[in-house]
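Remarks on the structure that follows.
Every read-out reported here was derived from the displayed coordinates using simple, explicitly stated rules and does not represent laboratory data. Keep in mind that what you see is a predicted model, and the values were worked out from it rather than measured. Here Cβ is always computed from backbone atoms with ideal geometry, including for glycine, and neighbour counts include all displayed protein chains.
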Amino acid sequence: MKNEYLTYIKLTVLLIAFLSLASCSNDDNPNNLDETIFVRHKNADMPAYIRGNGAEKVFLVTLHGGPGGGGLEFVGDAFNIIEDQYGVVYFDQRGSGMSQGSYTEEDVSLDLMAEDVLALVKVLKRKYGNDSQFFLLGHSWGGTLGTATLVKDQSDFIGWIEVDGANNPAGLYDQYIETFTITANAQIALGNSVDFWESILEFVSKVDPISNLDDFSELNSRAFDLEEKLTDDGFINNPVSNADRKKLTFEYNASTAIWNGRQIATILIDQQGLFQVTDFTSQLPEITIPSLFISGQYDMIVPVVSAQKAFENIGSEVKELQIFDRSGHSPLDTEPERFAAEVLRFLEANKQ
Amino acid sequence: MTKNNYWYYHSLSFSSPSMKPKLSVITVGLIFCISIGFGQNESKIKIQKSELPQSFVKRAEYKVAYTGSIVWLNGINLGSEYLWKEYLKSKKRRRGGRMNKHQFLLNANLGFSTNFSSKTDTGIYTNAGLIWRRTNKKGKQFNIEFNPLGYYRSFLPETFEVNGDNVEKVALAGRGYYTPSISVGIGKERKGKVRSGSYFNVNYTLRTSYNGGNLPAWYLQYGFRFNFNNKKK
């Protein structure tokens, strides 16, 4: 009997050890923040990974791509440099990364997701104080969400950084056709991968000139192939190998994150046709906070013209457009030092 | 945009349909497997119902197992099995006979799992259901475990709830989900020993409703069964 009890005790101790390890909290040192909190808003629980130097209470709130990416997709060389100076908040949006919750597909909307971002800032203020300052950065789809957030309420932010962001997803269809054609002709003229670029011209000639989801998906998919070819031919730098990003293998439960990503993408893109109907161009003049637009010269996924138009239409008095001439859709990976330098310079110039 | 997700979303496509629960297919499969086990009514086959002890304690076994996906999720599963029905199925063959033991067991589990790396995937769960297990004369086992009753409660780190302009810290934050599951696995019986067997299962759990859908999750389970009655003999 004694040994039987001993077995139970051993099992209980093992369970307590598991629970203790799981509940260990990180150090709250403001110079070296590394903590994960959750924002509960309208039936969703969304993780925010807060890292970096929060001593000045200046935070860069990031919005990932997708829809359906993960907040931590930004981590790497560029953001390591930024984290040395300022706090960075990586946020898993509703239905993305390790976010969880219980709501219906009909509940999900771009407007609700923008409210989620505003809710995140309220939480950060509660945690770090009302004197905290926030910059917003959105990459790719994060540019759509960031613009939607700022149009809704920009009062909590002191600056906006859009990185290869799609503030006019509905316009991407035409931009793809135009960019593919121009790029293909330029590459053929240079004698680079002629067969490939001729096949692109042929593909573009068969695309329906009227925007539709099937052709949009195909164009979007081909855009990645084009960037790959431009990388192979030496126009885009090879992405730096990020050891930090490899750690994501353990940070995210891949099956959960992939399922989440597919689910939210299906809801927003397939069911709601978000990329067919969303265009913030006419509302950009409402955004008046200092803004920095960054785009890769060879971005085929959200062509550089998108950043140029946003720069022209934004209502901010302080605004900048930085084109990275050795980059495609992810300048933070292909020109990380310059990316970090531009972002830090913008933060430094506009913090209060 | 969509394919921009560097690490593992390269297969993501706009038109891919969302994963739908395949519980009905699994249930039909389960019934099919069991019916195969009992469906051979040839004259060479004899099915005999075993006499089982009356005592609840004597018909119960306990189990402890690792559960998780190794890379992302790791945890422990504690459970109990109660032998509900047992049949001995013998079949005559040219060289001797073959005797397989078929058991139906009531099953209940309590478990804990976490992602130590991020703390975003911690939770406890409980489930209950039925196990069908076949054991051959060498003690090798095959089992299918179906747990229609399941509950998972996530535990989140520091959480703040936002209602309008009001922000409040949530105590013991987390969410409850209905989680039916099915496991298919193999094992080895150790007759007359306290550690009465070992098993390896592949488990499929549906966490519902989760982010506007039903989250499918796969786990591996490796563990041991204990029968403390064997000790007294």
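HN-Hα J couplings of region A:268-279 from phi, Karplus 6.51/-1.76/1.60, θ = phi - 60°, integer Hz, Gly and Pro as x?
6, 8, 6, 7, 9, x, 4, 7, 8, 10, 8, 8
Please go through the residue pairs B:46/B:85; A:229/A:309; B:92/B:188; A:10/A:247; B:58/B:137; B:49/B:188 and name each one whose alpha carbons sit more than 28 Å apart in this structure. Provide the component values of the computation, followed by the final result.
On the way: B:46/B:85 16 Å; A:229/A:309 26 Å; B:92/B:188 24 Å; A:10/A:247 33 Å; B:58/B:137 22 Å; B:49/B:188 22 Å.
Check vs 28 Å cut-off fails for A:10/A:247.
With r defined as the distance between the Cβ atoms of residue A:221 and residue B:57 and R0 fixed at 60 Å, what FRET efficiency is calculated, to the nearest 0.05?
It comes out at approximately 0.45.
Expressed as a rounded percentage, what relative contact order does region A:98-212 have, with Cα pairs under 8 Å and six or more residues apart? Don't jump to the answer; show the numbers that get you there.
Working: 95 pairs, mean separation 22.4, N = 115.
Result for region A:98-212 is 19 percent.
Using amide H atoms built 1.01 Å from N in the peptide plane, name the residues 5+ places from residue A:300, or on other chains, whose amide H lies under 5 Å from its own.
Close amide H contacts, sequence-distant or interchain: A:329.
Could you state the number of Å between the C-alpha centres of region A:82-101 and region B:55-79?
One Cα centre to the other: 34 Å.
Can you give the relative contact order of chain A as a percent, counting alpha carbon pairs under 8 Å and 6+ residues apart? Mind showing how you got there, number by number?
Details: 644 pairs, mean separation 66.7, N = 352.
19 percent.
In nm, give the distance between the simple-model label positions of residue A:288 and residue B:202, each being 7 Å from the Cα along the Cα-to-Cβ direction.
Each label point lies 7 Å from its Cα, and together they span 6.1 nm.
Let me confirm one metric for peptide B:168-175, namely the mean number of other chain beta-carbon atoms within 10 Å of its residues' beta-carbons.
Numbers: counts 3, 4, 3, 0, 0, 4, 3, 7.
Mean partner-chain Cβ count within 10 Å for B:168-175: 3.
Taking a ≥ b ≥ c as the square roots of the Cα gyration tensor eigenvalues, with a/c under 1.5 meaning rounded and otherwise prolate when a/b beats b/c, else oblate, which class fits region A:303-352? Mind showing how you got there, number by number?
On the way: a/c = 3.19, a/b = 1.10, b/c = 2.90.
In terms of gyration-tensor shape, oblate.
What is the dipole size for region B:19-232, taken about its Cα centre, with +1 at each Lys and Arg Cβ and -1 at each Asp and Glu Cβ, in debye to the nearest 20?
Details: 35 positive and 12 negative charges, 474 e Å.
Roughly 2280 debye, rounded to the nearest 20.
Run the helix sum for the protein assembly as shown: -39,500 (n - 2.57) per DSSP H stretch of 4+ residues, divided by residue count, reported at 222 nm to the nearest 500 deg cm²/dmol.
Working: 15 runs with 182 residues, N = 585.
That comes out to -9500 deg cm²/dmol.
Across peptide A:37-46, what mean number of C-beta atoms from other chains lies inside 10 Å of a residue's C-beta?
Values: counts 7, 12, 5, 11, 5, 3, 3, 3, 10, 2.
Counting Cβ atoms of other protein chains within 10 Å of each residue's Cβ and averaging gives 6.
Hey, can you grab everything whose amide H is under 5 Å from the amide H of residue B:207? Only 5+ residues off in sequence or another chain; H modelled, so Pro and N-termini drop out.
Sorted by chain and number, the residues that satisfy this are B:215, B:217.
Label points 7 Å out from Cα along the Cβ direction at residue A:238 and residue A:337: separation in nm?
Each label point lies 7 Å from its Cα, and together they span 1.8 nm.
Please list, by residue number, everything in region A:89-104 whose backbone N is under 20 Å from a paramagnetic label point 7 Å out along Cα→Cβ of residue A:249.
Once the point is set 7 Å along Cα→Cβ of residue A:249, A:97-98 turn out to lie under 20 Å by backbone N, inside region A:89-104.
Tell me the label-point distance for the pair residue A:80, residue A:213, using the 7 Å Cα-to-Cβ offset, in nm and rounded to one decimal.
4.2 nm
For residue A:351 and residue A:199 in one chain, what is 0.36 nm times their gap in residues minus the Cα-Cα distance, to one decimal in nm?
On the way: separation 152, 0.36 × 152 = 54.72 nm, distance 4.83 nm.
Gain on stretching residue A:351 to residue A:199: 49.9 nm.
Return the sequence-ordered ³J(HN,Hα) values of region B:53-59 in whole Hz as given by the Karplus equation 6.51 cos²θ - 1.76 cosθ + 1.60 applied to θ = phi - 60°, using x for Gly and Pro.
Using θ = phi - 60°, the values come out as x, 6, 5, 4, 4, 6, 9 Hz.
With θ set to phi - 60°, apply the Karplus curve 6.51 cos²θ - 1.76 cosθ + 1.60 along region B:155-165 and write out the HN-Hα couplings as whole Hz, x wherever there is a Gly or Pro.
Calculated HN-Hα couplings, in order: 10, 9, x, 2, 10, 10, 9, 10, 10, x, 9 Hz.
For helix A:304-313, report the angle its Cα long axis makes with the longest principal axis of the Cα atoms of chain A; keep it between 0 and 90° and round to the nearest 10°.
It is inclined by approximately 90 degrees.
Evaluate peptide B:148-160: per residue, the Cβ atoms of other protein chains within 10 Å of its Cβ; return the mean as an integer. Don't skip to the end; give the middle numbers.
On the way: counts 0, 0, 0, 0, 0, 0, 3, 3, 8, 10, 8, 8, 13.
For this peptide, the per-residue mean of nearby foreign Cβ atoms is 4.
Taking other Cβ within 10 Å of each residue's Cβ, how do A:197, A:160, B:84 sort, fewest first?
On the way: A:197 22, A:160 28, B:84 14.
The most exposed by this proxy come first: B:84, A:197, A:160.
If you fit an axis through the alpha-carbon atoms of helix A:213-232 and take the longest principal axis of the Cα set of chain A, what angle between them do you get, 0 to 90°, nearest 10?
90 degrees
Take peptides A:322-328, B:95-101, A:167-173 and line them up by average Cβ neighbours within 10 Å, highest first, as a rough protection proxy.
Highest-to-lowest ranking by the protection proxy: A:167-173, A:322-328, B:95-101.
Classify region A:233-285: rounded, prolate or oblate, from the alpha-carbon gyration tensor (a ≥ b ≥ c, eigenvalue square roots; a/c under 1.5 rounded; otherwise prolate if a/b is larger than b/c)? Mind showing how you got there, number by number?
Values: a/c = 2.59, a/b = 1.31, b/c = 1.98.
Oblate.
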